[in-house]
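Since the structure comes first, as structure tokens, the remarks are kept for the end.
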Amino acid sequence: MMIDKYFKRPVFWDYFIGISISGIIIFLVKKTGFQIPKDETIISIVSDLSTVALTLSGFILTLLTVLISFKSTAKSKKDVNFESDTLYEIFYSTDLYFETVRHLKNAIISLTFTAVIGYTLKLTLDSKCYIVLFAFNLFSLIVIFLTLWRCLLILSKIIKIQKEHQDTD
């Protein structure tokens, strides 16, 4: 299934899709002469996207912290009774917990890296290189969207598991 392949290396695919789409759009802009926004607008958007990426990484870090702190009170894998224990105890004792933590951790790293690159480009590039900033804006928008989509997909799966568990009780 396509989504399984995506989740094996999600950060790679996020960056690959972001770079590919950005490259195609920049190529089309140069070939067609399509006007891109003014320098000030592009620079402002770099700041906005970098701020959004850092803010989202903070929210995901909070969620990850909550998951990890709840894990400390959960039973170990060998002590879990799948018939009588709560869904949380079961979740924390399976590999699904570790996969969730890995994906959320990678999302934080990816968003933080994107934000740092954005601020670095803004600090180091002059206004003559605004096409690079425009390409970064496209790239970061795609990475932010895909990372947020992935986190929401993970949370939706956890909620689905909770609902299924509740319906069986």
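The values are calculated or read from the model by the stated rules, or taken from the named source; none is laboratory data. Everything numeric in this text was worked out from a predicted model, so none of it was measured. Ideal geometry is used to build each Cβ from the backbone, glycine not excepted, and the neighbour counts take in all protein chains shown. For accessibility, only protein heavy atoms count, side chains too; no ligands or nucleic acids. Shrake-Rupley method; radii C 1.70, N 1.55, O 1.52, S 1.80 Å.
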The chain - percent of accessible surface contributed by carbon and sulfur, probe 1.4 Å: 69 percent
Cleavage-rule hits (trypsin sites (Lys or Arg not before Pro)) in the stretch 14-73: DSSP loop, at most 16 neighbouring Cβ within 10 angstrom: Lys38
Residue-normalised accessible area of the chain, expressed per residue, 1.4 Å probe, Å²: 63 Å²
Packing-based order for 49-59, 106-116, using average beta carbon neighbours within 10 Å, highest first: 106-116, 49-59
Angle between the chain longest axis and helix 130-168 axis [Cα atoms, degrees, rounded to 10]: 20 degrees
Spatial separation of Cα centroids for the stretch 91-110 and the stretch 118-143, in angstrom: 30 Å
